[in-house]
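Working notes, structure below.
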Amino acid sequence: MNHHRIGIILILVMLLIGIVAYPMLPEIVPTHYGIDGMPNNFGPRWIAAFMAPLASLLIFVLFEYLPRLDPMTRRDPQRFSYESFRPTLQRWSTAFLLFILLTHIVQLLGVFGYHGETFRILFGGIGLLFAALGNEMGRLRPNSFAGIRVPWLMNDEAAWRLAHRWAGRAFVIGGVAALLCAITLPMKIASVAALVCIGGATVVTLVGSYAAALRTGRKA
């Protein structure tokens, strides 16, 4: 699968959606929503039309050029090579762009008065994003940008590998749980429950990373 081509297509799709929607948007549009799915902040219409493709372009370029920007790779290209996990970063990039496309559509639907159920779709998308990230996390190797960037992992590759395997499982479980909450629970409960699932996965990841460092330290 050519993720570079997919990324360009997704950015162009978002740009096309923005161009088509822009003339139909009011001058002031909702730019942020609360956990109940209702707007709580407003701004000019260009934000709703073009912020998503701009953010997507930034993410796409960032993921494409991470290996060239990483100071660890420049200092020791053999030890901190991106080659072993470059496909993972490409799949992450595609996952982020798909999620931004989803938020783009949800935001525009909100501008036109469709709330509630579309916001449920957004929280389901967050769950899918976390699950997708977790499915690839165990393939990451030490670097300056992606993964669990904490001091007790950066100088211990064994701890890094173990922590990211655990984190991958936590992200998948938390993401699937958030998706199920978004699908099955009433909207006001679903949004809170989904955030709890995602927050729980994040906490488990941090605690697990420290436990991994202790475990590998005892074995050393």
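All of the numbers you see were taken from the coordinates with simple rules; none came from a lab. Remember, predicted model here, so these are calculated numbers, not experimental data. Cβ sites come from the backbone with ideal geometry, for glycine too, and all protein chains shown count toward neighbours.
Applied to the stretch 8-19, the Karplus parametrisation 6.51 cos²θ - 1.76 cosθ + 1.60 on θ = phi - 60° returns per-residue 3J(HN,Hα) values of 4, 4, 5, 5, 5, 4, 5, 5, 5, 4, x, 5 Hz, with x for Gly and Pro. For the chain, modelled as a Gaussian network with Cα springs under 10 Å, which listed residue fluctuates most, Leu101, Leu69, Leu140? Comparing Leu101, Leu69, Leu140 in a Gaussian network model of the chain, the most mobile one is Leu69.
Rounded to the nearest 20, the Cβ-based charge dipole of the stretch 37-95 about its Cα centre (Lys and Arg +1, Asp and Glu -1) stands at 40 debye.
Where in the chain is the longest stretch that carries no trypsin sites (Lys or Arg not before Pro) classed as loop by DSSP and with at most 13 other Cβ atoms within 10 Å? Could the numbers behind the result be given before it?
Details: sites that count: Arg79, Arg149.
The reported range is 1-78.
Computed per residue of the chain from DSSP H runs no shorter than four, each worth -39500 (n - 2.57), the mean residue ellipticity at 222 nm is -25000 deg cm²/dmol. Taking 7 Å along the Cα-to-C-beta vector as the label spot, tell me the Glu157-Met72 distance in nanometres, rounded to one decimal. Those two pseudo-labels are separated by 1.1 nm. Our note on the geometry: Cα centres of the stretch 86-118 and the stretch 21-85, 11 Å apart. Comparing Ser93, Val13, Tyr114 along the charge dipole axis of the chain, the residue lying farthest to the positive side is Ser93, per the Cβ-charge model.
The charge dipole of the chain, taken about its Cα centre with unit charges on the Cβ of Lys, Arg, Asp and Glu (plus for the first two, minus for the last two), comes to roughly 820 debye.
Checking every one of the GluC sites (Glu not before Pro) in the stretch 41-124 against DSSP loop status and a limit of 16 other Cβ atoms within 10 Å picks out Glu83.
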